[in-house]
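Report on the structure given below.
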Amino acid sequence: MEAYRYPEYYDIVFAVDEVAREVDFFEAAIAKFSRAVGRRVLEIACGTAPYLAEWQRRGYGYCGLDLSPAMLEGARAKADRLGIAADFVAADMRDFDPESVGPVDLAYVLLGSIYVGSNREFLAHLNRVAEALAPGGLYLLDSVVWFEIWSDYHRRWTRHRGGVSVRMTYRAEPIDPVAQTYNEYITLDVDDHGTRHKILSRTPTKIFFPQEFLCLVELSGRFEFVGWFNDFSFDAPVTPKGRHITILRRR
């Protein structure tokens, strides 16, 4: 996970263009589906905490969980710079202490950042999240469930900020079709004020297809499935393309 050692470049290339619109969707989901009453959120695999300032502006408490010390250092520096009191926890999403992050009323994970190697590990993750969530609270998972089977999982884009240019190249390549595992490759080509770097990462993880995912949620016994949604909208049709948001509710 070499790319996660460079939060300054990661923050540039994964900058969220429409933070307010996406948090609007989260708040609307809370209003429509949540049965919890608090105002504290948990971001799993938080990275550089892209929504931190927006949550604070709306009066929510924030906790970010990540396994990368460098990412957490970058997130804490952002909170300090913005004068925001937030909590950050260094832990594995499969085996963290729920008391270290909770209680929370909303948990979410962005950009498919669920890194597990098996269904058993995913069930352990769901159990940990359920222990941290208040009853009736929501868990939103962005781009975790695959609605296409090996259909051009290659992406490339470039972002610029303050004299730094970062080109991101992403590809997914299968490891074991029976276990439904794949390698996630990330390459960052950086031009930092004329100094060039190439940063390579390979992270093994697991694919989840829709019906398998629903079976695992039912097997966990900790959540009920609320629905699939697309592109941070309740009105957009759920098609194979797009950013698919899964909403679960804690039993």
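Values quoted throughout were computed directly from the atomic coordinates according to the rules given, and no laboratory measurement underlies them. Just so it is clear, the structure is predicted and the values come from calculations on it, not from any experiment. Every residue, glycine among them, receives a Cβ derived from its backbone with ideal geometry; neighbour counts consider all protein chains shown.
Normalised radius of gyration for the chain, please: alpha carbon Rg relative to 2.2 N^0.38 Å, two decimal places.
Ratio of Cα Rg to 2.2 N^0.38 Å: 0.98.
Taking neighbour Cβ counts within 10 Å as the exposure measure, how do ARG35, ARG243 sort from fewest upward?
Exposure proxy ranking, most exposed first: ARG35, ARG243.
Quick check for me: using +1 on Lys/Arg Cβ and -1 on Asp/Glu Cβ, what's the dipole size of the chain about its Cα centre, in debye to the nearest 20?
220
Near SER34, within a Cβ-to-Cβ distance under 14 Å, what is the net charge of the other residues, with Lys and Arg +1 and Asp and Glu -1?
Within the 14 Å Cβ shell, the charges total +4.
Aspartates and glutamates within cross-link reach of LYS32: Cα-Cα under 13 Å, excluding same-chain residues under 8 positions apart?
Reachable aspartates and glutamates: ASP24.
Using the number of other C-beta atoms within 10 angstrom as an exposure proxy, rank SER118, SER165 with the fewest first.
SER118, SER165
Can you classify the range 181-251 as rounded, prolate or oblate using the Cα gyration tensor, where a ≥ b ≥ c are the square roots of its eigenvalues, rounded means a/c under 1.5, and otherwise it's prolate if a/b beats b/c and oblate if not?
prolate
Looking at the range 154-206, I'd like the Rg to Rh ratio, where Rg is from alpha-carbon atoms and Rh is Kirkwood's inverse mean 1/r.
1.15
Report ³J(HN,Hα) in whole Hz for each residue of the range 184-192, in order, from the Karplus equation J = 6.51 cos²θ - 1.76 cosθ + 1.60 where θ = phi - 60°; Gly and Pro get x.
Result, ordered by residue: 9, 9, 10, 10, 10, 9, 10, 10, 9 Hz.
I need the phi-derived Karplus couplings for the range 115-132: 6.51 cos²θ - 1.76 cosθ + 1.60, θ = phi - 60°, integer Hz, Gly and Pro marked x.
Here the 3J(HN,Hα) series is 10, 9, x, 7, 4, 4, 5, 5, 4, 4, 4, 4, 5, 5, 5, 4, 5, 7 Hz.
What does the extension gain come out to for ARG57 and CYS215, with contour length at 0.36 nm per residue minus their alpha carbon separation?
53.1 nm
Return the sequence-ordered ³J(HN,Hα) values of the range 157-169 in whole Hz as given by the Karplus equation 6.51 cos²θ - 1.76 cosθ + 1.60 applied to θ = phi - 60°, using x for Gly and Pro.
For the range 157-169, the Karplus curve yields 7, 10, 10, 10, 7, x, x, 10, 10, 10, 9, 9, 10 Hz.
Using the Cα gyration tensor of the range 61-180, with a ≥ b ≥ c the square roots of its eigenvalues, what is the shape: rounded (a/c below 1.5), prolate (a/b larger than b/c) or oblate (neither)?
Verdict is oblate for the range 61-180.
What fraction of the DSSP beta bridges in the chain is antiparallel, stated in percent and rounded to the nearest 5?
Approximately 70 percent, going by the DSSP bridge assignments.
For the range 133-199 and the range 2-46, compute the distance between their C-alpha centroids and round to whole Å.
The range 133-199 and the range 2-46 have Cα centres spaced 16 Å from each other.
Is the range 33-93 best put as rounded, prolate or oblate by its Cα gyration tensor, with a ≥ b ≥ c the root eigenvalues, rounded for a/c under 1.5, and otherwise prolate when a/b is larger than b/c, oblate when not?
oblate
Mind checking the alpha-carbon convex hull of the range 118-251 and giving the volume per residue in Å³?
Cα-based convex hull of the range 118-251, divided per residue, equals 143 Å³.
List every residue whose amide H lies under 5 Å from the amide H of TYR62, counting only residues 5 or more places away in sequence or on a different chain, with H placed 1.01 Å from N in the peptide plane.
VAL41, ASP87
For TYR153, which sequence-distant residues (separation of 5 or more, or a different chain) have an amide H within less than 5 Å of its own amide H, given hydrogens modelled in the peptide plane?
For TYR153, whose amide H was placed from the backbone, the distant partners under 5 Å are ALA172.
Starting with the fewest neighbours, write out VAL16, VAL104 ranked by other beta-carbon atoms found within 10 Å of each beta-carbon.
Exposure proxy ranking, most exposed first: VAL16, VAL104.
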